[in-house]
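What follows is a single structure, written as structure tokens, with notes after it.
Just so it is clear, none of the values below were taken in a lab; they were calculated from the coordinates. The model shown is predicted, which means the values in this text are computed figures rather than measured ones. Positions of Cβ are generated from backbone atoms using ideal geometry, with glycine treated the same way; all protein chains shown enter the neighbour counts.
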Amino acid sequence: MMEAGANSVLQTAFTLADGVEYVRAALKSGMDVDTFAPRLSFFFGIGMNFFMDIAMLRAARTLWFRLMSEFKPKNPKSSMLRTHCQTSGWSLTEQDPYNNVIRTTLEAMSAVLGGTQSLHTNSFDEAIGLPTDFSARIARNTQIIIAEESQVCHVVDPLGGSYYIESLTNSIIDEAQKIIDEIADLGGMAKAIESGMPKMRVEESAARKQARIDQGLDVIVGVNKYKLTDEKIDFEVREVPATVRDEQVARIKEIKASRDQAAVDKALAALTEAAKNDGNLLEAALPAVRGAVAQPVSHGGHRPRSRLPPVPRDGGGAASQLLPPAGAAFAARCGGRGLQLVRHGRRRAGHVPPGGRPGPGDAVRRAELGVRATRGAP
């Protein structure tokens, strides 16, 4: 959800609230907490706010332990948060793309110092196309060099005790707990999603971040500052030939022509029935997947259930909190659309932000924790 615009607090709160919802569903089905909780794992996105995302992972572990205590597990592993992290795709830029190697390295270090159990590093050319063998090797070697050469993997929580890291960690714990409590008051994460609350909060965060980028308050090197005047791509870009699509279409046609249609219809009907009666969808989906393709299986699973309609909302006026001095220069720089974003809190198309980036002093915490920033603040 970071890629959609969630800052570190929102990502922590919504991710853990999702986890609690899964735990409650498993307990409701009759499972013992210690039979499944040790196998739960999470997925966090890591962006360019270096210290904030380290603190986010530390805060998430504390909060998950606190949340799991409600279910009284006997196995200590049931309260341990295990997580995979992926460096941000949103932070990768098409402009001056070699900068993305540096961005991914910083994000990978943030995840490692925060205590991730596994890590995915993006390739530097993913804002342009699918990774090539060349770019994928750099992404892989980024992890290998951190693991084998930096020595950072020899210590647990190396930044623990730092005043700044501990302060950020406590702030995220406090602010994320407020959102988790709000979700609990709504009846859990499923009910919160139905209400549109998480979507609205993420969109507000996205609009706030985009406004800062549009106004140059948050720097993206090569995009809104330090731009190259005559930029040319001097590396291979992977082009996917049309034959790949043709081969996939031919495979689907072959499956449809050779399968037992009666058995497929029976499996899809069983899946629909399971969805209608709150049955075991995974158990019902496996026979359907073996004979059908993805779209019919998906349709069979959601047919009896109501779909959540998108609730159109603007950014909640979030961007207008960062109104700069009005003037022709600002309007010209934004091309008109940026000015509309600031007035109405709408997110500009084509650049969806993950949350705040590093800045001096407490400005970082204000931006990440959703506290209204005022014009002229540091």
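Laid out as a table, the results:
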quantity	calculated
Pairwise Cα inverse-distance average, inverted: Kirkwood Rh of region 96-249 (Å)	19.7 Å
About the Cα centre, charge dipole magnitude for region 1-143 (Lys/Arg +1, Asp/Glu -1 at Cβ), debye	800 debye
Among the listed pairs LYS28/LYS74; LYS77/LYS199; LYS191/LYS276, those beyond 29 Å (Cα-Cα)	LYS77/LYS199
Contour minus Cα-Cα distance for LYS72 and THR132 (0.36 nm per residue)	16.8 nm
Global size of region 1-92 as Cα Rg and Dmax, reported in angstrom	14.0, 44
Convex hull volume per residue for region 59-123, taking Cα atoms only, in Å³	80 Å³
Cα extents of region 189-276 along the three principal axes, largest first (Å)	62, 45, 11
Region 147-225 - Kirkwood radius from inverse mean 1/r over Cα pairs (Å)	16.4 Å
Rotationally averaged projected area of region 24-64 (alpha carbon convex hull; nm²)	3.5 nm²
